[in-house]
Every structure is written in structure tokens, then in C-alpha cells.
Amino acid sequence: MEAPLLHLALVGTPNSGKTSLFNALTGSRQKVANYPGVTVERKEGFFVTPLGRQVSVVDLPGTYSLRGRSPDEEITRDIVLGKASGETRPDLVLCVADSTNLRLTIRLLLELKRTGRPIVLVLNMFDIATRRGITVDVTQMADALGVPVVTSIAVRKGGTADLLKLTDEISAGVAPQPQENNWRPLSVAELRATQREADRIIASTVSLPSRPDTWTARIDAVVLHPVGGLIVLALILFVMFQAVFAWAQPLMELLSSSFDALGQFVHDTLPAGLLQSFLQNGVISGVGSVIVFLPQIIIIFLFILLLEDFGYMARAAFLMDRIMGGAGLHGRAFIPLLSSFACAIPGIMATRVIDNRRDRLTTILIAPLMTCSARIPVYTLIISAFIPPKQVWGFINLQGLVMFGLYAAGIISALLVSFLIKFFMLRDYAPAPFMLELPDYKMPRPKSIAIGIFTRAKMFLQRAGTTIFSMMVLIWFLASFPQPPAGAADPAINYSLAAILGKAIAPLLAPVGFNWQIAVALIPGMAAREVAVAALGTVYAIEGGKEAAEQIGQVLATKWSLATALSLLAWYIFAPQCASTLAVIRRETGSWKWMATTFAYMLALAYAASLVVYNVAVALGAG
Amino acid sequence: MTDDKTTLPQTSADTPSGSPLGLAERGYSGVIQHLSAGGAGSALSDVELESRLIELGFVEGAKVEILHEGIVGRDPIAVRVDNVTIAVRRREAMAIIVA
Ligand SMILES: Nc1nc2c(ncn2[C@@H]2O[C@H](COP(=O)(O)OP(=O)(O)OP(=O)(O)O)[C@@H](O)[C@H]2O)c(=O)[nH]1
Ligand SMILES: [Mg+2]
């Protein structure tokens, strides 16, 4: 008879390497980064031990105790205590420790023992401990704790061999029987007693060297300097946004001319007609105009991944805590908000580490105001069409500067909104504490950065191939049918459904300077922001007829006034143009109300901002 | 939990009862004498604050050192507790009595 599936669960203090271990065991690519609170969901994976035992393992959010103070910690508590509905309680709990920092994990382990589950202590990051000269008497520690202890190096090939061997031994031998669950939330006295006990065990089994991590201390002397640290942070953000513009340009031009050539090739090969128009205008102009932005998306992810792996994120949260506090935000909100520059969805999920409900809600409501990577195509398209690529003050690219300004506008308005929420809605507010472990710096690992970028690039291309592609088909259809009557003088698109729809909505958008082509692009753009760019590409390509081989940016520069362009930029800073973000807000807040609130306030801000920008620009003569 | 009265800020660092870590300067190093959540004025209940501090390793006898501080009101502070660095606000650090 085949042995039943063995259920393992990875539990441990934050940032101890649980997800790295999970990835090593199962070959998955879950997100790993060097700050506490990366994992906020339960993730299951499977593997087979060297002796052929089938194993299921769940990766869980890190926690210092089983009390479950924030939504992510509750997930861990519920799995370990078997409270999660439809969940098997783990047969074996792998308590994962950072070997350089055992105090907190051993205390947690003593608490875990009360749940009656069989436990193994995994001394992870043993490579770092060895390098620092930390030695652990593993046998004695196992005796003192009464649980098996193994060492592991999750990020090295073969680094989990001992753990796999132990898993086989455990599943081959008499399976340790789960004991009765005696766990209750520990009183302060019990907590103190478990910590004392942990310290006693560590004192008798671990020898610490006199060699602390001097690199971390040296870097922190600069990076956490009260003034210098803020300058470094501003510099990092500035370079990041400049790079998105400056570094990506050559690659983007290459991609863009390839798509043009491909479109031209289709145009020349196929006979004129619907198929030719569909491929050239719908598929290649539409989807191609979005894929062109891949280099920029890769650059922004590269920056964020490097900062995350290096260990900078927790430092940035430290620096920003009191400054954000002025706007009613919690220091822990910084990491979710910075991740939202990549995409608001993981950013909103990451707010699970914030234990105070109101702090968390405020962060969720403003996360979509952070300039996510899906806005980059829209911004870039308009900036390159309307802002000259001049150098200002000798070294800063004007286009990059405008881009930075748009990012800054997003951040400032997020802070303002948060301030207003604090002022009007949550007045009786006592600031929740900020307590965060600042992990030692680690050299970013090229492989994990590469995997991170690859995953993101794949997601982006998949979106281009699915959501964006299907929207393009729809727009091409709307823009092509009905066909113009024979001998019609106007461009064909003027007779289409798209024009009819666009012109019906256009009066609503006329005060902010949008024409009917923009109106057509904005509606499918509700599904995903990049769609607007693709839609404009298709609409203008069809409108341009046979000569539409020019790039979309050049077309826009001749069709729109500067005021309209600026107004659309302002619109995109605020508009809630992303169905998936709204869905995540609904799920994470558990209510339609907050989703509707987000949608309404962002739309109102977008309209107001565009109205002001357009009218001011027109008054200044840019109309 | 310890039910001492709030240690007054003016208590000097070398009296046996010690003084709150929340008032210490950057560069200060000492040993935790006891926790006294009552006077800290944190948004958390006394029990909750004390539990969290213990879970982060702030227990009697632990060595602490203030490594860094923020710019606004010299807050928060980065505290080395044995071999871990933890960021806390001064308000919560008022509950940690050191000498
Ligand atoms: N040198 C070394 N680094 C490791 C090892 N295991 C993990 N890391 C690094 O430690 C950091 C944290 O790893 P994660 O796997 O994200 O930790 P986690 O326990 O899942 O963290 P949370 O999800 O936040 O609780 C990452 O930078 C990893 O690359 C190891 O065995 N050796
Ligand atoms: Mg993790």
C-alpha cells in the first residue's frame, strides 16, 4: 500500500528563509526577499523524498508567536492549530530558524511544542553562521529541546540534503504521534519564561564569536544616518525613475521598429482587406505598442528586486516612519507602497503585515495612487510625443524629469489622501506602534533576481497576449464595423461603432479636453491601463488608413494639443483604470464598500485634476 | 508582568531602578532591568505591548544599544538587542527600563 501523503508546514520567525526552503524543496519560484513579512499567503507545494515518500509542504507567513496579531500571522496560527477550514493539520512542523539569530525562533519553538504537533528545528542560513564563526552543538540542542535538529542552506544546491534525509527517517520510523493541543495564548509571565528557557538553551549549545557583521554596521552608518539616509533614499528613487526613461530607450526603439517592420511586412504581403487590417492594425499596432514597454518594466522591477534582496526595504521603512506618520501612515506601509510602484496588487496584499486595521485600510486605499508599471506605457507614449528630449542643467533628461514629476504627483496625492482620511474619518486615532526587525544586508543573488525579472516579464507578456489582445480584438472590431458606404469621403473609422460610442461619451469628457478617440480608448482601458495605449494605436492606425505606418507617438503629436496631452497624463495619475486592483481591494477589505469608495474617489480626483490641468494649459496658450 | 509605577523620566541612568530606553541617546548601551508598559502611553494595552516586546527579545538581562535614530523627534530608534537589530518608536521604548 502506498504511504499516505506526508503534510509538512514551514513555520518560523519572519525572514528566516522559509520560502527559500520551500522553493528549494519543491522547485517553485515563490517570492523571496530580504525583509520580514514577504510571504503573506499560504502556499502549498509537493515533492518526493530521496526514498520516494510523497510530501506536501505549505509555506506560511513568518511570525514571532502564535497569537496572530495581523492577518498574515493569523494564517499561520490557523494552519498550525488546525483551525483553517478544509485544511489538514500538518503531520510535521518544520520550525525554520535563521542560525545567526536563534533567540526568537527557539522561543517560538518552545511555544509551538505546546500545540502537540511533531516538530523539527531547521537551522537555516547555516552558511552565514559558519562564516561568522558561530558554532552550534546540534546533538545537544536536540536533546535540550526534545525535537530533532538539522542544519540547512536553502539557497545552495544540496543544502537541504540533511532535511530530506531526516524526513525519510521520520516517515520510515514510528511516526511521532501528535500530542494533545495545550496551546493557549501565552501570558506575559509564560512568554518571559519561554524566552529565558530559550536563552538558557542557546547559552549551553551555541558559541557566538566576537565577530559581528561589520558590513551591515558600516552601510547602516550611512544609510540610516538621520539626514544622509534620507538623501540616499531620495537619490535611489530619483535614479530609479530616470533609469526607467533613459536606459530603456535604445531597446524600446529596437522593439518598436521591429514591430513597425513586421506591420509593414504584413501590409505588403497580404492583399488589402479585413485580414490585413486585423493583423496590422489590430494585432501588431495594438499589442505591439504595449510590448514595446517591456524594457522599462524590466528596469523598474530590477531596481525594486535589488533593493528587496539587498535588505534595504526595512531601512527605508525605518527612515520614513515618522515622516509618513505626519500624513497618517504607518512605517510598515512603506514597503507595500514601494512595491506598488511595480504593481498595486502585490502591494495591497503586502499590507497584511500591518496589524492595525485602520492603518491597513488607509494603505490599501492609497496604494493604487502609486505609479504602477502599467502606467509607464501611457506616460512614456505621451511624454515622448510632447516633451522634447532636452537636457536640463546639463545632465538631467527633461523627459525623465517629467516622468519623475508624475511619480512625485502620485506620491504627494497619496499622502494628501491619507492625511484627509486621518483627518475626517479616523480622527480618534492613536498611532499604532512600529516594530520591525532590520535584517543584515545580503548580497543580492543574481539567480533569484533573474528569476524575479523573468517571472514578471512573463506575466507582462501573458497579459499582453490575453487581456490586452482580447481588448484589441474588440476595439479593432468596433473600429472597423460597420464598414463605410462605398465612395465615402471621410476616414472609414468615422462610420464605425467605435466612433458612434466615442462620440456619445465625448461630451462628458470634452471639459477635460479629451476627444472621442480618447474616450474610445479609456473604456477598454478600465480593464488594464496599458490597453489605452494599444487602443489609441489601433484607432489611429485604422483612421490613418494605408499611410498609418508611422509610429503612434508621432501621430498623437499632430492630432492632440499639448493641453490635451497634459490632461491625459493628469487623468492617469489618478484614474482607477484597473479591474484586477479593484477586485483585490474587495477581497482584502472583505467589502464592496471600500472597493466602491476607491473607485469613486479616484475617478473624482482624475476628473478634477484633468479639468484643472486642461484649463490652466489652455489659458497659458497650450490649447 | 511587573507592576512598578512608571519610571519617571528624570530618574538618572545609574540608579538601581534604571531609566527608560525611550529617553536614551544614540550610542547608549546598557542592560534591560525590567519592562514597565504602564507608563509608555502606547496605543497597545499594557499586556499586549509587553508581550510584543518580549517576543522581539526585549527581556530582562538582554544587552541593548541604540545604533541609529530617525530625523523627526530622533524617532524611531534602531536598537541592537543581543545580535538582532530592531526598530521601535521611542514611545514604545519607554516601556523598556535599562541601566
Ligand atoms: N546565505 C543564505 N541566505 C539565505 C538562506 N535562506 C534564505 N536566505 C536569504 O534570506 C532572505 C529571506 O529569505 P525568505 O525565504 O524570503 O524568508 P522567509 O522566512 O520566507 O521570510 P518571510 O516570508 O518574510 O517570513 C532572502 O534574502 C534569502 O535569499 C540560506 O540558507 N543562506
Ligand atoms: Mg516567505
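The numbers here are math on the coordinates, done by the rules we state, and not lab data. What you see is a predicted model, and the numbers here were worked out from it, not measured in a lab. Here the Cβ is made from the backbone with ideal geometry for all residues, glycine too, and neighbour counts use every protein chain on show.
The table that follows gives values for the structure above.
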{"item": "Calculated diffusion of region A:90-171, Stokes-Einstein form, Kirkwood radius summed over Cα pairs, 10 °C and 1.306 mPa s, µm²/s", "result": "122"}
{"item": "Protection-proxy order for peptides A:476-483, A:594-601, B:34-41, A:615-622, each taking the mean of Cβ atoms within 10 Å per residue, highest first", "result": "B:34-41, A:476-483, A:594-601, A:615-622"}
{"item": "A:393, A:215, A:247 arranged by Cβ crowding within 10 Å, fewest neighbours leading", "result": "A:393, A:215, A:247"}
{"item": "Folded to 0 to 90 degrees: helix A:228-246 orientation relative to chain A principal axis, Cα", "result": "40"}
{"item": "Convex hull volume per residue in cubic angstrom - Cα atoms of region A:139-182", "result": "104"}
{"item": "Environment charge of residue A:151, counting only residues whose C-beta is closer than 10 Å and scoring Lys/Arg +1, Asp/Glu -1", "result": "-2"}
{"item": "Cβ-based charge dipole, region B:17-98, positive-most Cα from B:29, B:49, B:73", "result": "B:73"}
{"item": "For residue A:19, net neighbour charge (Lys/Arg +1, Asp/Glu -1) across residues whose Cβ lies under 9 Å away", "result": "+2"}
{"item": "Projected area, mean over directions - region B:17-98, Cα convex hull, nm²", "result": "4.6"}
{"item": "Reachable lysines from residue A:31, criterion Cα separation under 17 angstrom, eight or more residues apart if same chain", "result": "A:18, A:43, A:442, A:447, A:458"}
{"item": "Förster radius 60 Å - calculated FRET efficiency between residue A:483 and residue A:391 (Cβ-Cβ, nearest 0.05)", "result": "0.80"}
{"item": "Taking the convex hull of Cα positions in region A:6-212, its mean projected area over all directions (nm²)", "result": "11.1"}
{"item": "P(r) histogram, all alpha-carbon pairs of region A:526-623 included - 5 Å bins from 0, percent", "result": "2, 13, 16, 17, 16, 14, 10, 6, 4, 1, 0"}
{"item": "Fewest-first sequence of A:435, A:443 by Cβ atoms within 10 Å of each Cβ", "result": "A:443, A:435"}
{"item": "Calculated from backbone phi, Karplus (6.51, -1.76, 1.60) coupling profile of region A:105-118 in Hz, x at Gly/Pro", "result": "6, 5, 4, 4, 4, 4, 5, 4, 4, 5, 6, x, 6, x"}
{"item": "In Hz, Karplus ³J(HN,Hα) per residue of region A:570-579 (6.51, -1.76, 1.60; θ = phi - 60°; x = Gly, Pro)", "result": "4, 4, 6, 4, 10, 4, x, 8, 7, 5"}
{"item": "Largest-first principal axis extents, alpha carbons of chain A, Å", "result": "91, 59, 46"}
{"item": "Burial ordering of A:279, A:164, fewest other beta-carbon atoms within 10 Å first", "result": "A:279, A:164"}
{"item": "In degrees, nearest ten, helix A:398-420 long axis to first principal axis of chain A (Cα)", "result": "60"}
{"item": "Considering only the protein assembly as shown, percent of DSSP beta bridges that pair antiparallel, nearest 5", "result": "60"}
{"item": "Nearest-0.05 FRET efficiency for residue A:140 and residue A:457, computed from C-beta distance (R0 60 Å)", "result": "0.80"}
{"item": "Average projection area in nm² (convex hull over Cα atoms of region A:443-576, one quarter of hull surface)", "result": "10.6"}
{"item": "Global geometry of region A:451-517, whether rounded, prolate or oblate, following the gyration tensor of its Cα atoms and the 1.5 cut on a/c", "result": "oblate"}
{"item": "With Cα atoms, 0 to 90° folded angle of helix A:469-480 axis to chain A main axis", "result": "10"}
{"item": "Charge context of residue A:68, other residues only, Cβ under 10 angstrom, K/R +1, D/E -1", "result": "-1"}
